[in-house]
Amino acid sequence: MTEYLPIEEVLDKKKVGAEVSIRGWVYRARTGGGMLFLVFRDSTGIIQVAVKKDRVSEKAWKEAEACTRIESSAIAKGVVVEDKRAPEGFELQATDFTAINAAEVFPIAKDNSEEWLLDIRHLAIRSRELTAVMKVKATVLEGCREFFKKKGYWETTPPIIVSGACEGGSTLFSFNYFGKKAFLSQSAQLYLEAIIFSLEKVYAITPSFRAEKSRTLRHLAEYWHVEGEEAHMNHEQLVAFEEEMVSFICHKVAKERAKELKFLGREPKDIEAVKPPFHRMRYDEAIEALRKKGMQVEWGDDFGADEEKVLTAELKKPLFVTHFPKHIKAFYMKQDPDDERLALCNDLLAPEGFGEIIGASQREDNNEALITRLRANGQDTKAFEWYLDLRRFGSVPHSGFGMGVERLVRWICKLEHIRDTIPFPRVINRAYP
Ligand code: NSS
């Protein structure tokens, strides 16, 4: 049986002179003077395959000629030579060539509009950029799981179909569930809070849904949410956990995905430099800092992308903003015992202007306070009866957080738009392909 080498392994001085077989897709093609230059792409890299008419069989030449349309799939066998002119410095001089599928005219060329590229996203995800980002994302997810394991957390599987709004009604997707109204989960948090009473330290990696009614660079209607919840954890311990987790993930990615980061224009050492302690500021101080920079903000305003950009533009490490006014935050956040206007919460903002990647808090464990807050938000307390039970049977102080995987990947990969952190982005008015 033929052994096919990943292209990445062929791009190696030690392989020079060896005859190897590769399989992949034609990434670029050029013809001239009895020669075909077909750049092959596989999941690991690209290499130029040079097919010379008088060096291969007639059948092999015909098959190679049939594959000069990009995205044709094929198998090439050949001898590895070093060639400075070839895209990665090596070339495969073909001794045999087999077409797998001679492609039709590929609909992606230079200068395609963004909308068109989204319409044919199923083909656009083959790009080297998106391939690199998807690899970084896989490593981020692996890093999350490793970190939780190290901390003694159990992975669990909360529901996606839910009956109440964790994060308020304005971004809730509802649907008909056997004749009753149900929602797509905005966050697993409330269920994780229930599960800590069996497992104590839990996490989940699930899709979360937000009916975001505008187009922005950092909102998706469907995103991946990494959420952790721990019994007996207070706000200070929570901050330390987040800091350590984000640093752990950054170091892993810098080490294991350096090639992809560089390809995307991110220096791995920028990410390597992310270590505790992160910057820290209370909401009050953030308001002052923003005013000093000329922003018009009042105490009680929530921060959006613009404010977060100003706060983090010059930073190299993430910034915690803590102790927000409780009335602009979700109902479940614990009131600060030192100042009843505030919540024991934090947003973690990525540096360089990227902004929020985590929302976190100690949880309110007093049922009266919870009910008052739910009512103040105009939320239906009936849908939360089960949640209120958690405070009736052995309630303990506890804390947790939610991290947007795509937000994190956007920052790590230094991407303009969040949609490039997910293979099939769901944004306003788009659920195709
Ligand atoms: O609304 S959050 O700030 N907080 C929660 O959902 C908590 N219930 C999580 C928890 O404590 N278990 O969302 C958390 C994070 C936020 O910091 C972003 O990084 C991300 O989820 N997020 C999003 N990412 C992409 N697109 C959208 N629309 C989005 N909304 C939030």
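The values are calculated or read from the model by the stated rules, or taken from the named source; none is laboratory data. Here the structure is a predicted model, which means the values were calculated and not measured. Cβ: placed from backbone, ideal geometry, glycine included. Neighbour counts: every protein chain shown. These area figures cover heavy atoms from the full protein model, side chains too; ligands, DNA and RNA do not enter into them. Shrake-Rupley method; radii C 1.70, N 1.55, O 1.52, S 1.80 Å.
Rounded, prolate or oblate: which fits segment 331-388 when a ≥ b ≥ c are the square roots of the eigenvalues of the alpha-carbon gyration tensor, with rounded for a/c under 1.5 and prolate only if a/b beats b/c? Working shown, then result.
Numbers: a/c = 2.73, a/b = 1.81, b/c = 1.51.
It is prolate, given that a/c is not under 1.5 and a/b is the larger ratio.
Pick from Thr312, Thr31, Thr68 the residue whose mean-square fluctuation is largest in a GNM of the chain, springs joining Cα atoms under 10 Å.
Thr31
Using helices alone, I'd like the mean residue ellipticity at 222 nm for the chain: each DSSP H run of four-plus residues gives -39500 (n - 2.57), total over residue count, nearest 500. Provide the component values of the computation, followed by the final result.
Working: 14 runs with 132 residues, N = 433.
-9000 deg cm²/dmol, from helical runs alone.
Output the peptides 350-362, 402-414 sorted from most to least packed, where packing is the average of other Cβ atoms within 10 Å over each peptide's residues.
402-414, 350-362
Could you calculate the contour length gain from Ala138 to Asp111, that is, 0.36 nm times the residue separation minus the distance between their Cα atoms, to one decimal place in nm?
Between Ala138 and Asp111, full extension yields an extra 6.8 nm.
Between Glu352 and Lys53, what is the label-point separation in nm under the 7 Å Cα-to-beta-carbon projection?
Inter-label distance under the simple model: 4.9 nm.
Using just the C-alpha positions of segment 43-89 as equal point scatterers, what log10 of I(q)/I(0) does the Debye formula give at each q in 0.13, 0.14, 0.18, 0.23 1/Å?
Log-scaled intensity ratios, in q order: -0.34, -0.40, -0.65, -1.01.
For the pair Lys382 and Lys275, what calculated FRET efficiency results from E = 1/(1 + (r/R0)^6), where r is the Cβ-Cβ distance and R0 = 60 Å, to the nearest 0.05?
After rounding, the FRET efficiency stands at 0.85.
What number, in nm² with one decimal, is the all-direction average of the projected area of the convex hull of the alpha-carbon atoms of segment 165-284?
It is 11.1 nm².
Cα-Cα pairs above 28 Å in the chain: how many percent?
Here the long-distance tail beyond 28 Å is 57 percent of all Cα pairs in the chain.
For the chain, what is the accessible area per residue in Å², given a 1.4 Å probe and the full set of protein chains?
48 Å²
Taking the Cα centre of the chain as origin and charging only Cβ (+1 Lys, Arg; -1 Asp, Glu), how large is the dipole, in debye to the nearest 20?
The dipole of the chain has a size of about 1120 debye.
Classify segment 233-369: rounded, prolate or oblate, from the alpha-carbon gyration tensor (a ≥ b ≥ c, eigenvalue square roots; a/c under 1.5 rounded; otherwise prolate if a/b is larger than b/c)?
Oblate, since a/c reaches 1.5 and b/c is not below a/b.
If you roll a 1.4 angstrom probe over the protein chains with everything in place, what fraction of the accessible area of segment 98-216 belongs to carbon and sulfur, to the nearest %? The partial results should precede the final answer.
Details: 3540 of 6330 Å².
About 56 percent, which is the carbon plus sulfur part of the accessible surface.
From the protein chains alone at 1.4 Å, what is the descending order of accessible area for Tyr27, Tyr203, largest first? Numbers along the way, then the final one.
Values: Tyr27 65, Tyr203 15 Å².
Correct descending sequence by accessible area is Tyr27, Tyr203.
Restricting things to alpha carbons, find the Rg to Rh ratio for segment 82-184 using the Kirkwood radius for Rh.
Taking Rh as the inverse mean 1/r over Cα pairs, Rg/Rh reads 1.16.
Lys/Arg Cβ at +1, Asp/Glu Cβ at -1, dipole of the chain taken about the Cα centre: which of Tyr387, Phe90, His232 is farthest positive-ward?
Phe90
Which of the three applies to segment 1-148, rounded, prolate or oblate, going by the alpha-carbon gyration tensor with a ≥ b ≥ c and a/c under 1.5 meaning rounded? Mind dumping the intermediate values first?
On the way: a/c = 2.19, a/b = 1.34, b/c = 1.63.
It is oblate, given that a/c is not under 1.5 and a/b is not larger than b/c.
List, in order, the whole-Hz ³J(HN,Hα) value for each residue of segment 85-92 obtained from phi through the Karplus relation with A = 6.51, B = -1.76, C = 1.60 and θ = phi - 60°; use x for Gly and Pro.
In residue order, the calculated couplings are 7, 6, x, 10, x, 10, 9, 9 Hz.
Rounded to the nearest 10 Å², what accessible area does Lys201 have for a 1.4 Å probe in the complete protein model?
70 Å²
Starting from the Cα of Lys292, draw a straight line to each of the lysines and keep only those under 22 Å, dropping any in the same chain fewer than 8 residues away.
Hits, sequence-local ones excluded: Lys309, Lys316, Lys317.
So what J values fall out for segment 167-177 if you push phi through Karplus, 6.51 cos²θ - 1.76 cosθ + 1.60 with θ = phi - 60°, rounded to Hz, Gly and Pro as x?
Whole-Hz 3J(HN,Hα) from phi for segment 167-177: 10, x, x, 6, 10, 8, 8, 10, 7, 7, 10.
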